[in-house]
Amino acid sequence: MLRRDFISKIIEQMVNAIARLIKIDIEKEQEKFSEDFDEFLHTYFQFSDADLAQLTEENEDRDGLLLNENLKDQLVHLFANAGWVFQNNQQTEKAKNCLKIIQRIQNRHSSIYTFPNEESEKVLSKIEALKSKLK
């Protein structure tokens, strides 16, 4: 019971951190987004954006947060934004890792149907544009 409460509290804090990151205008404040995103990775996954590829690999501890059903949409949005920022800063490998992470999250939850809304459509089009830019 204590472990479940602890995990719930971490997820709640993570939702708040993701919400703050998603609100950053990535067109105007790329440096702030990069700094905050790196801090996010350090806080919740214990590494920096230089080690982003670790999230493409299975790891029971990290996957508990990364593949959490309740965080799916927010994490996809976050990594889509991160991919764009990395691409705009000529960090193509990191941008590709963001796409791999997004695919991993989406594959894990592929059996869950979510009704499309305006926000999810924007994120999906952002992902598709990033994919075509990275080809």
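Before moving on, here are some points about what is shown:
- Sequence-separation-based contact order of the range 2-134, relative, with Cα cut under 8 Å and 6+ spacing, percent: 24
- Computed FRET value (nearest 0.05) for residue 70 with residue 90, which takes r as the C-beta separation and R₀ as 25 Å: 0.15
- In sequence order, calculated HN-Hα J values of the range 117-134 (Karplus, 6.51, -1.76, 1.60; Hz; x Gly/Pro): 9, 4, 5, 5, 5, 4, 5, 4, 5, 5, 5, 5, 5, 5, 4, 5, 5, 8
- Charged-residue dipole, Cβ positions (Lys, Arg, Asp, Glu), the range 6-135 about Cα centre, Debye nearest 20: 420
- Residue-averaged [θ]222 nm for the chain, counting only DSSP H segments that reach four residues, each worth -39500 (n - 2.57): -23500 deg cm²/dmol
- Of the residues 48, 8, 116, the one whose Cα sits farthest toward the positive end of the charge dipole of the chain, with +1 on the Cβ of Lys and Arg and -1 on the Cβ of Asp and Glu, is 116.
- The range 1-68 - charge dipole about Cα centre, Lys and Arg +1 at Cβ, Asp and Glu -1, debye rounded to 20: 420
- Peptides 44-56, 78-90, 9-21 ranked from most to least packed, by the mean per-residue count of other Cβ atoms within 10 Å: 78-90, 44-56, 9-21.
- Think of the chain as having a plus end and a minus end, set by charges on the Cβ of Lys, Arg, Asp and Glu; of 85, 125, 21, 125 sits farthest toward the positive end of this dipole.
- Rounded to the nearest 10 degrees, the inclination of helix 92-108 to the longest alpha-carbon principal axis of the chain is 40 degrees.
- Descending by average beta-carbon neighbour count within 10 Å, the peptides 27-39, 93-105 line up as 93-105, 27-39, the highest first.
A short reminder: the numbers here are calculations on the coordinates, not readings from a lab. Bear in mind the structure is a predicted one, so any value in this text is a computation, not a measurement. Positions of Cβ are generated from backbone atoms using ideal geometry, with glycine treated the same way; all protein chains shown enter the neighbour counts.
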